[in-house]
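Working notes for the structure below.
The values are calculated or read from the model by the stated rules, or taken from the named source; none is laboratory data. Here the structure is a predicted model, which means the values were calculated and not measured. Virtual Cβ from ideal backbone geometry, glycine too; neighbours counted across all protein chains shown.
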Amino acid sequence: MDIQYYTDLWSEGKVARASATTFWDNRADEFNKLVSPKTSDQRIGKILEFMSDHNLLAKNCSVLDIGCGPGGFAVEFAKTSRDVTGLDISSKMLDHAHRNAASANLTNISFENLNWDEVNLEEYGWEKRFDLVTAINSPGIHDQVTLEKMIAASKGYCFLSNFISRSDSVQDVIRREILQLKDPKFYVNTVYCIFNILWLMGYYPHITYVDTDREHVRSIEEASMYYGTLFELRNDPADDQNKSIKNYLEYISSDGFVRERVQTKTAWIYWKV
């Protein structure tokens, strides 16, 4: 099997969105809560420890974070790195990122409102510019072209994190039983394809598997808004689908709150360019 086989396989099951920018803008507040000091996202600490143990995040290095969201990782990278650049297609994500960097009193970090698909490395002076290029659960790396561009921006290492499997106790019921949608398959073969493409390109990727089991707690109103945004439903409480979801959330709630168990298996891949 050649690279084209894995490229084609990688493209199967991808979710087409009318506007990816709007989708991520609508989820910016939710994502920012996950990286706030009050929440203390343990995933950030674990990845930072992993990078340090494997000498990926050296002191005074230059880092590019593709799909940085509200800047949870980029801000932490900047605390030890010489300079950090974060990019994202969502301006609302970047509004949070700017505020989070300012709150940490960081001046060595910048953010760009860019789509990785459209970035011209030569134009930005980013060819072999960074010691470390990361894409942590980022949809920005979604095919061979965007993967190769990630490699071309690095003069040291690349680090990529992606789901292999995920189970959401509430979300899955809403998808299958209320909205009668098929389970997403866009990440089923992603890691398999990335590993094999890198191998066939002559790289030697290291891979580590990480299991997580956590709980999200939301009020009924917050949960209604969250799932409506997630499934891109009409912003209309009278809509039949929204009403069905609201009724289900009220049924499973306890003291006005909805608890969702989220179990994931994630792959961390890194390689030297």
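Which of the residues that make up the range 72-127 are touching a Leu at 6+ places or on another chain (Cβ under 8 Å) and part of a loop (DSSP other than H, G, I, E, B)?
Answer for the range 72-127, where residues must be touching a Leu at 6+ places or on another chain (Cβ under 8 Å) and part of a loop (DSSP other than H, G, I, E, B): Lys79, Thr80, Ser81, Ile89, Leu114, Val119, Trp126, Glu127.
Residue check: is Ser52 polar (S, T, N, Q) and touching a residue at least 24 places away in the same chain (Cβ under 8 Å)?
No, not satisfied.
I'd like to check something: does the range 144-152 contain any residue that is outside any helix (DSSP H, G or I) and either crowded, with 18+ Cβ neighbours inside 10 Å or modelled with pLDDT under 95 (or both)?
Quick first cut of the range 144-152, residues outside any helix (DSSP H, G or I) only: none.
No: the range 144-152 contains no residue that is outside any helix (DSSP H, G or I) and either crowded, with 18+ Cβ neighbours inside 10 Å or modelled with pLDDT under 95 (or both).
Given the criteria part of a loop (DSSP other than H, G, I, E, B), among the small types (Gly, Ala, Ser) and closer than 24 Å to Arg43 by Cα, does Ser138 qualify?
Numbers: part of a loop (DSSP other than H, G, I, E, B): yes; among the small types (Gly, Ala, Ser): yes; closer than 24 Å to Arg43 by Cα: yes.
Criteria met by Ser138.
Determine the pairs where a residue that is farther than 18 Å from Ala20 by Cβ and without any contact (Cβ under 8 Å) to a residue 40 or more places away in the chain, located within the range 57-69, has a partner that is part of a strand (DSSP E or B) and among the charged types (D, E, K, R) with Cβ atoms under 9 Å apart, the partner being 6 or more residues away or on another chain.
Asn60/Asp131
If you check Thr266 against the conditions, is it over 21 Å from Asn26 (Cα atoms) and surrounded by fewer than 14 Cβ atoms within 10 Å (Cβ to Cβ)? Please lay out each step first, then the result.
On the way: over 21 Å from Asn26 (Cα atoms): yes; surrounded by fewer than 14 Cβ atoms within 10 Å (Cβ to Cβ): no.
Taking the combined requirement at face value, the residue does not satisfy it.
Of the numbered conditions (1) surrounded by fewer than 18 Cβ atoms within 10 Å (Cβ to Cβ); (2) part of a loop (DSSP other than H, G, I, E, B); (3) within 18 Å of the chain's Cα centre (by Cα); (4) among the hydrophobic types (A, V, I, L, M, F, W, C), Phe163 fails exactly one; give the number of that condition.
Of the numbered conditions (1) surrounded by fewer than 18 Cβ atoms within 10 Å (Cβ to Cβ); (2) part of a loop (DSSP other than H, G, I, E, B); (3) within 18 Å of the chain's Cα centre (by Cα); (4) among the hydrophobic types (A, V, I, L, M, F, W, C), the odd one out for Phe163 is (2).
Please determine whether any residue of the range 28-50 is at pLDDT 90 or above, over 16 Å from the mean Cα position of the chain (by Cα) and assigned to a helix (DSSP H, G or I).
Scanning the range 28-50, I find at least one residue that is at pLDDT 90 or above, over 16 Å from the mean Cα position of the chain (by Cα) and assigned to a helix (DSSP H, G or I), so the answer is yes.
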